[in-house]
Ligand SMILES: Cc1cc2nc3c(=O)[nH]c(=O)nc-3n(C[C@H](O)[C@H](O)[C@H](O)COP(=O)(O)OP(=O)(O)OC[C@H]3O[C@@H](n4cnc5c(N)ncnc54)[C@H](O)[C@@H]3O)c2cc1C
């Protein structure tokens with residue numbers, strides 16, 4: 001067990017890569033039963049565990065490299081590692097009682113344990129702060145009751161972080177969110193239903209009924225409020241999404257290039273066609289953007305940092321990287337044609353497995369709106385309503401705003417319709433990502449890849465600006481059936497039966 005812990009990182013990650021290659025080649029990305037244990041069993045998760053408990057010491061670059069190595073072979077496996085690392089082990093190392101940490105980390109380092117986080121409830125997903133799962137003091141600890149669903153590794157994880165609100169004397173629920181460290185020995189979590197998920201079959205999901213007793217030391221201690229702790233955890237996790245994106249995008253790029261060279265259509269390799277090159281360039285731009293995000297994250301996401309104020313970079317990175325993962329997967333599927341629609345082909349599963357990344361840990365539509373809200377607030381503070389002028393002085397964008405001054409030369413004010421806030425958030429997210437690419441280029445990254453990526457990103461921003469500028473408040477007509485059956489509106493010269 002854990003034979004690689006303590007060896008130098010290059011051989012650690014090399015061994016992991018080789019083991020995963022053997023496990024997954026010729027296998028669907030979701031593996032077969034037992035794959036998770038075999039893949040992560042030899043200490044892969046130790047990068048998320050402090051050194052004093054037998055881990056590798058929580059260096060962000062090592063955490064991202066493990067996620068990347070996993071996602072080159074299997075995006076679902078990388079999500080398993082991401083859930084365990086960012087949503088369980090890192091929070092426990094920061095906020096849990098020392099004894100609880102010692103006991104928990106021992107299970108991970110020496111016994112291959114798995115963990116997860118339960119926030120979402122059937123009636124409260126996006127508005128998680130309204131959750132109904134509650135706890136109250138009982139004896140020397142707490143009684144916690146509620147229903148949670150969609151916790152990754154439902155029924156499979158031996159350890160859970162449970163989130164709940166405190167019952168007050170009057171029976172109402174406090175505003176703060178509290179975290180508890182649960183393990184199987186405590187009992188009281190019953191899987192009421194397993195979901196038949198569309199993708200990510202490696203990870204069981206379902207609905208859990210919870211009625212459990214937790215000793216007092218299982219309650220985590222926030223450094224400020226419970227909501228601040230929740231934001232610290234969620235933002236750190238969002239900042240580390242590019243680790244999961246990195247190997248996935250590199251693999252899509254490798255497969256895309258290999259396929260375009262080897263497949264002949266009309267006497268030419270696909271790679272000779274201009275539209276094919278456009279799609280490959282898009283996948284490559286996604287690879288470069290994701291690389292820049294990984295580099296950026298290493299300087300902000302350490303457990304020693306408070307990530308709760310990092311909403312802007314965290315929301316930007318999570319929403320943009322998951323959007324480009326999904327578009328890159330769609331492009332690869334288009335390029336491989338019908339072969340990609342087989343369940344055992346990487347391209348189709350890449351589309352299905354990457355899709356929920358745009359939904360979980362903050363639905364992208366909402367995150368884009370929040371990005372715009374944050375930027376509009378800063379603009380108001382500076383009394384500047386011209387976007388181009390503002391972005392030219394705003395720290396996360398000032399180095400790239402000059403690359404497209406005319407495109408951004410319009411004014412934006414508070415009070416925009418929500419759909420425009422979302423469009424604007426998409427634009428801002430891509431401009432901030434572009435600056436991360438430029439920063440990485442200045443540190444010596446390949447100029448051809450960085451410049452291609454910047455050109456592709458500007459192309460995307462221009463099309464988003466077009467959508468933003470198009471004024472419309474079209475809403476769906478709900479009772480649309482009357483008078484909308486096409487067969488009643490045929491042209492006069494239609495052929496009569
Ligand atoms: C594969 C997968 C893994 C997951 N893993 C976990 C996990 O490990 N732990 C966990 O606790 N949860 C997990 N979840 C749950 C996930 O976080 C929730 O699905 C998510 O928060 C959205 O909640 P919901 O499904 O209830 O959707 P809703 O809250 O009903 O929202 C549905 C959609 O409505 C729209 N919407 C919502 N609010 C607004 C608004 N104010 N304005 C405009 N549009 C809006 C958005 O498009 C949103 O996507 C997972 C989900 C999936 C699919």
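Mind checking which residues of the range 113-127 are farther than 22 Å from residue 194 by Cβ and touching a helix residue (DSSP H, G or I) at 6+ places or on another chain (Cβ under 9 Å)?
Listed by number, the list holds a single entry, 126.
So, restricting to helices (runs of 4 or more DSSP H) that lie completely within the range 61-168, which ones have at least 1 residues that are surrounded by fewer than 19 Cβ atoms within 10 Å (Cβ to Cβ)?
Passing ranges, in order: 98-111.
Any idea which of 119, 177 is within 15 Å of the ligand (Cβ to nearest atom) and closer than 30 Å to residue 42 by Cα?
Of the residues listed, the single one that is within 15 Å of the ligand (Cβ to nearest atom) and closer than 30 Å to residue 42 by Cα is 119.
Going residue by residue through the range 401-420, is there one that turns out to be touching a residue at least 60 places away in the same chain (Cβ under 8 Å), within 16 Å of the ligand (Cβ to nearest atom) and either assigned to a helix (DSSP H, G or I) or crowded, with 20+ Cβ neighbours inside 10 Å (or both)? Talk me through it step by step, then tell me what you get.
Narrowing the range 401-420 to residues touching a residue at least 60 places away in the same chain (Cβ under 8 Å): none.
Within the range 401-420, not a single residue is touching a residue at least 60 places away in the same chain (Cβ under 8 Å), within 16 Å of the ligand (Cβ to nearest atom) and either assigned to a helix (DSSP H, G or I) or crowded, with 20+ Cβ neighbours inside 10 Å (or both).
Residues that are away from the ligand (no atom under 16 Å from the Cβ), farther than 27 Å from residue 152 by Cα and touching a residue at least 24 places away in the same chain (Cβ under 8 Å), at least 1 per element: which helices (runs of 4 or more DSSP H) completely within the range 240-359 meet that?
241-262, 274-298, 311-336
Got at least one residue in the range 363-372 being free of Cβ contacts under 8 Å to residues at least 40 places away in the same chain and either buried (at least 16 other Cβ atoms within 10 Å of the Cβ) or outside the structural domain of residue 29 (by TED's automatic domain parsing) (or both)?
Checked the range 363-372: no residue is free of Cβ contacts under 8 Å to residues at least 40 places away in the same chain and either buried (at least 16 other Cβ atoms within 10 Å of the Cβ) or outside the structural domain of residue 29 (by TED's automatic domain parsing) (or both).
The values are calculated or read from the model by the stated rules, or taken from the named source; none is laboratory data. Because the structure is predicted, anything quoted here is derived from the model rather than measured. Cβ coordinates were reconstructed from backbone atoms using ideal geometry, including for glycine residues, and neighbour counts include every protein chain displayed.
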